[in-house]
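Derivation of every value follows stated rules applied to the coordinates shown; laboratory data play no part. All figures in this text were calculated on a predicted structure; none of them were measured in a lab. Positions of Cβ are generated from backbone atoms using ideal geometry, with glycine treated the same way; all protein chains shown enter the neighbour counts.
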Amino acid sequence: MTENEVAEIKGLIAALDPDNCAALIAMEVGLGKLKCLLDLIGGGQVYLPTFENFIDDLRRMHRDAEICRRYTRGNAHELAAEFGLKPRRVRQIVAAQKPSREVSDA
């Protein structure tokens with residue numbers, strides 16, 4: 001973008017409704033990053049979680065990957081105790097991550 005285009009866009013953003021999502025993002029992260037974001041997902045409907053939920057999801061994904069990495073037949077109770085889950089939930093996590101793997105405590 002040229003400097004004139006940037007100046008024009010900034011003026012347009014300033015005149016927009018303060019609740020306009022794209023304008024708020026542009027003001028926070030800058031036009032260049034907004035352009036990258038819109039080029040990537042523009043035109044579609046995208047759910048953006050709150051920052052707290054995003055972090056919780058990252059932690060859960062890391063936990064689930066660790067459970068899958070360490071799971072062996074018969075240790076669901078041990079993993080459940082370590083991660084504060086029920087053995088059934090451990091098996092569900094493993095089954096969801098590795099659908100071709102047999103999941104049991106036998």
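Key figures for this structure:
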{"read-out": "Calculated Rg and Dmax of the chain using C-alpha coordinates, Å", "value": "22.5, 69"}
{"read-out": "Residue 33-residue 46 pseudo-label distance in nm [points 7 Å out on the Cα-to-Cβ vector]", "value": "1.3 nm"}
{"read-out": "Intensity falloff of region 22-66 expressed as log10 I(q)/I(0), Debye formula with alpha-carbon point scatterers, at q = 0.16, 0.23 Å⁻¹", "value": "-0.60, -0.86"}
{"read-out": "Whole-Å semi-axes of the ellipsoid equivalent to region 51-97 (Cα gyration tensor, √5λ, descending)", "value": "20, 10, 8"}
{"read-out": "J(HN,Hα) series, region 21-26, from Karplus relation 6.51 cos²θ - 1.76 cosθ + 1.60, nearest Hz, glycine and proline x", "value": "4, 4, 5, 4, 5, 4"}
{"read-out": "Nitroxide proxy distance, nm - points 7 Å out along Cα→Cβ at residue 89 and residue 73", "value": "2.6 nm"}
{"read-out": "Rounded to 10°, Cα long-axis angle of helix 87-97 versus longest principal axis of the chain", "value": "60 degrees"}
{"read-out": "Partner lysines for residue 98 [C-alpha distance under 22 Å; skip if fewer than 8 residues away on the same chain]", "value": "86"}
{"read-out": "Degrees, to the nearest 10: 51-70 long Cα axis against longest axis of the chain", "value": "30 degrees"}
